[in-house]
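Reviewing the structure listed below.
Just so you know, all these numbers are worked out from the coordinates, no wet-lab data involved. In this text the structure is predicted, and so the values were computed from the model without any measurement. Cβ placement follows ideal geometry from the backbone for every residue including glycine, while neighbour counts extend to all protein chains displayed.
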């Protein structure tokens, strides 16, 4: 299968380690898919002209991610600052709100769409602000979209008619709230709904048929990026022809492995400034 991630990219700056790692949902999914069975993967986004931007592009190139349609814009790359809480878990402290990405809109050109058509699926996220492009994107290939846990009803109504796969972080949802969400999103036209629930595992609905997948054991070092790796694992296996159950199982295994490294997929670089 061939996958393209479009939109958000950052460096996650681990303050306790004085180290930065490439990240961002759309970028992570492309890289993790390539690492776990995708024939090819590409990324389109806006990257700053700083050291962090250089590291993002270098990491993509070393992971054999196609970057021919990446834009570089003068300014800061996206930065998210991460630290340890009292339980030893990594948490986001602050960010530069996307850096130069927040000042510019990623407008997909005719040339971009000709390029995108060669892929099997496109993945983007609520942090990528591509909602206006979704009606055209869906005419070319299936769209996967990560809502994280920051969505509104208005956003669901705007996005869900144009996507095939909805990924949601929902560890705090009650069973009643889950069922209401499934009904809402299916009613808007999205056939695949996957809700990750942290230690509770994953619940999925495909055309109102439910599936559950527990978490896999891991020697946990860093949980950041586990959700992105689950998305990458599911999409890669699904488009490679595996069943839903097999794809969910493989995705859980890939997410567990991600928890055993720092950063979503490693490639840390010590800060010297």
Along the Cα→Cβ direction, 7 angstrom out, place labels at residue 175 and residue 218. What is the inter-label distance in nm? 2.7
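May I ask you to compute the full-extension gain from residue 102 to residue 87, defined as 0.36 nm times their residue separation minus their alpha-carbon distance, rounded to one decimal in nm? Don't skip to the end; give the middle numbers.
Working: separation 15, 0.36 × 15 = 5.40 nm, distance 3.24 nm.
Between residue 102 and residue 87, full extension yields 2.2 nm more.
Counting other beta carbons within 10 Å of each Cβ, put 141, 60 in order, fewest first. Walk me through the numbers before you get to the answer.
Numbers: 141 18, 60 26.
If I rank by nearby Cβ atoms, fewest first, I get 141, 60.
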Relative contact order (percent, whole number), the chain, Cα cutoff 8 Å, 6+ residue spacing: 20
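Percent antiparallel among DSSP beta bridges with both residues in the chain, to the nearest 5?
Numbers: 22 of 51 bridges.
Among the beta bridges of the chain, antiparallel pairing accounts for roughly 45 percent.
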Separation in nanometres of the label points that stand 7 Å from Cα toward Cβ, at residue 261 and residue 113: 3.6
Out of all DSSP beta bridges with both ends in the range 1-43, state the antiparallel percent to the nearest 5. 55
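Sort the following peptides by mean Cβ neighbour count (other Cβ atoms within 10 Å, averaged over residues), highest first: 95-104, 20-29, 257-266.
Working: 95-104: 18.2, 20-29: 28.9, 257-266: 20.4.
My ranking of the peptides, most packed first, is 20-29, 257-266, 95-104.
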Starting from the 7 Å offset along Cα-to-Cβ, what nm value, one decimal, do you get for the label separation of residue 49 and residue 18? 2.9
